[in-house]
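What follows is a short report on a single structure.
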Amino acid sequence: MDRPELPLPQLHAFVVLAEELHFGRAAARLGIAQPPLSQQIRRLEDKVGYALFNRDPGRVDLTAAGRELLPAARQAIIYLAQGLTAARDVGSGRVGHLRIGFAASLALTILPSLLRTFREQFPVVSLDIQEMTTTPQLAALRDRTIDIGLLREPPANDAELAFETVLTEPFVAVLPASHSIAAQRTVRVEQLAHCPFVLLPRAVGPALYDQIAAVCTAAGFTPQVAQHAVEWQTVCALVGTGLGVSLAPESIRRIRLKGVAFRRIEPDAVRTRVAVAWRKNDPNPLIPRIVGALEDSPSDSPRLRRR
């Protein structure tokens, strides 16, 4: 396909003159003098190879060639204006596409308010929300299959990824409702020493797994894991069947399952971090926008601390 050699100023001048059919009015509308307008039209006619206007004394009309060119010239100007607007919108982060990975438990905390806040601020941005645990999120960020991750316990000193803590929360004990210590309002961690545990596999969230193990170690025992489950809802369901107990981020208590009790623990000094993650130096202008939306979105629990 041959590259067109019709400069935009000449096309614009042509369209305005075709609408006014008067050099003086067209020049005034363009904000230029009449001689430069005449020169623009002459240059365009030279490129076309045919006259575009009949110039009779006191009268200007389009030629057949001019009538043929006019719709295409108008469309070219419209397409360019639309393209410029679209480019500016994407460049500014007002529109575009954003792929977000999130840990399932965050659907119980910051995800709903984040999405509401972001949708209010950027209603035409397309969002692709994918549920995944921490380790798959880190891999997806490095593979560029997601743009933003919302995860627990991010790794330290990552060469490729940036992290910002947006929320912290304490741990709670997850117990069968029929368990004797479920009658207590607060459970001391050492009371769980002889109980089998149901936990997420370490591979899906090593830092969180190690943090739970450290809480138990500080209480003088190593948790004996009887069963693994990839999602916290499954962990709670298995606890409810009597397969064991667990320690979980406090937001997990919002999973309301029959036969499951959630209790505060003592000591409760350890808090798990929720972080937003993204690729360092990623040029996507939507990334700082969603990080800002995270800062603006509220936490609805006094035990969940922002940053």
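The values are calculated or read from the model by the stated rules, or taken from the named source; none is laboratory data. Quick caveat, the model's predicted, so the values are computed rather than measured. Neighbour counts run over all protein chains shown; Cβ positions are idealised from the backbone, glycine included.
Within region 123-172, being aromatic (Phe, Trp, Tyr) and either more than 28 Å from VAL187 (Cβ to Cβ) or not assigned by TED's automatic domain parsing to the domain that holds LEU199 (or both) holds for one residue alone: PHE163. For region 37-50, does any single residue satisfy the condition of being of a type outside the set (Ser, Thr, Tyr), surrounded by 13 or more Cβ atoms within 10 Å (Cβ to Cβ) and either closer than 30 Å to VAL125 by Cα or in contact (Cβ under 8 Å) with a residue 60 or more places away in the chain (or both)? So far as region 37-50 goes, no, none of its residues is of a type outside the set (Ser, Thr, Tyr), surrounded by 13 or more Cβ atoms within 10 Å (Cβ to Cβ) and either closer than 30 Å to VAL125 by Cα or in contact (Cβ under 8 Å) with a residue 60 or more places away in the chain (or both).
In region 129-153, of all residues being free of Cβ contacts under 8 Å to residues at least 60 places away in the same chain and acidic (Asp, Glu), the one that is surrounded by the most Cβ atoms within 10 Å (Cβ to Cβ) corresponds to GLU131.
Of the numbered conditions (1) of a type in the set (Val, Ile, Thr); (2) over 30 Å from LEU98 (Cα atoms); (3) touching a residue at least 40 places away in the same chain (Cβ under 8 Å); (4) in contact with a Phe, Trp or Tyr (Cβ under 7 Å, 6 or more places away or on another chain), VAL239 satisfies every one except a single condition; which is it? So the condition that VAL239 fails would be (4).
Among the residues of region 126-168, those that are within 17 Å of LEU114 (Cα to Cα) and of a type in the set (D, E, K, R) comprise ASP128, GLU131, ASP147, ARG152, GLU164. Taking the criterion of being exposed (fewer than 15 other Cβ atoms within 10 Å of the Cβ) and hydrophobic (A, V, I, L, M, F, W, C), the residues of region 178-207 that qualify are ALA183, ALA193, ALA203.
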